Amino acid sequence: MKTQIIYEDKDLLVVKKPAGLATQTARVGQQDVVSELKNYLAAAGGPAGRTGPPYLGVVHRLDQPVEGLLVFGKHQKAAAALTAQLVGEDGGQTLCKQYYAVFCGKAPSPEGQLVDKIYKAEAGRAEILESGQSAASVQAKTASLHYRILEEAQVQGETISLADIRIETGRFHQIRAQMAHGGMPLLGDIKYGDAVSGAVSRRLGISVTALCAYRLEFLHPGTKEKLQFQIRPGGTAFSYFPLFSTSV
């Protein structure tokens, strides 16, 4: 199993998804996190009297090229409670996600917020609404994220930057599209990168999108205890920064 289980109890699973594995796919014969976990749960058995395949509630997803933490509900009540935290139904968004990203060049400021109107276009791309376009015509929705620059590095004459990102909305391909539109294309991102970031990625041997959902925090749907999980990114792009160059 490519998916790594970080935590499990009777209500939920927290896992680390590797880059390149889809969270859930409709493609016949293609492995994904959901099918791996359902196979794992089926092999492990389940509640007495259960019939049919095991339940696995998808609360949120990560893009296929992205690595990071995901939480799943093991029954409908847990999945519904976690989803409510994600969308803020209980008076505030209590399921919080943070990401590390490595992009080409320098940021316009050490810290900032990106707010755009974003919509899902053809060919599975997220597009930023440009001036003159009607938000209603393309069903564009507000996308907001906050970034903070942690480090900059000079590698083979190129400047690359490490950012900590917190999303305030959960839009399709939001981080990748917004960062690229803001002049900070992620290294290794074939879909949203430009010619410069593509050339730098190839020169540095970065073949996967330099984005990792490294931190996950939420309230346990049963006990209401605050749970926090954190991982170190494994992609090549992150190894150029002192923050990840030493063992822990």
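No lab work stands behind these numbers, since they all come straight from the coordinates. All figures in this text were calculated on a predicted structure; none of them were measured in a lab. Please note: Cβ atoms are built from the backbone with ideal geometry, for glycine as well, and neighbour counts cover all protein chains shown.
Going by amide H atoms built from the backbone, whose H comes under 5 Å of the H on residue 60, apart from near neighbours?
71
What angle, in degrees between 0 and 90 and rounded to the nearest 10, separates the Cα long axis of helix 195-204 from the longest principal axis of the Cα atoms of the chain?
For 195-204 against the chain, the angle is about 70 degrees.
In degrees from 0 to 90, rounded to the nearest 10, what is the angle of the helix 33-44 Cα long axis to the longest principal axis of the chain?
The answer is roughly 30 degrees.
Rounded to the nearest 500 deg cm²/dmol, what is the calculated helix-only ellipticity per residue at 222 nm for the chain, with -39500 (n - 2.57) per DSSP H run of length n ≥ 4?
That calculation yields -5500 deg cm²/dmol at 222 nm.
Under a Cβ-Cβ cut-off of 13 Å, what is the net charge of the residues other than residue 100 that fall near it, where Lys and Arg count +1 and Asp and Glu count -1?
In short, +2.
Quick one: which residues, 5+ away or cross-chain, put their amide H under 5 Å from the amide H of residue 129? H built at 1.01 Å from N.
117, 118, 119
Excluding the sites themselves, what is the longest stretch of the chain that contains no trypsin sites (Lys or Arg not before Pro) in a DSSP loop with at most 13 other C-beta atoms within 10 Å?
In short, 51-223.
What does the charge count around residue 67 come to, taking other residues whose C-beta lies under 9 Å from its C-beta (Lys +1, Arg +1, Asp -1, Glu -1)?
Net charge around residue 67: +2.
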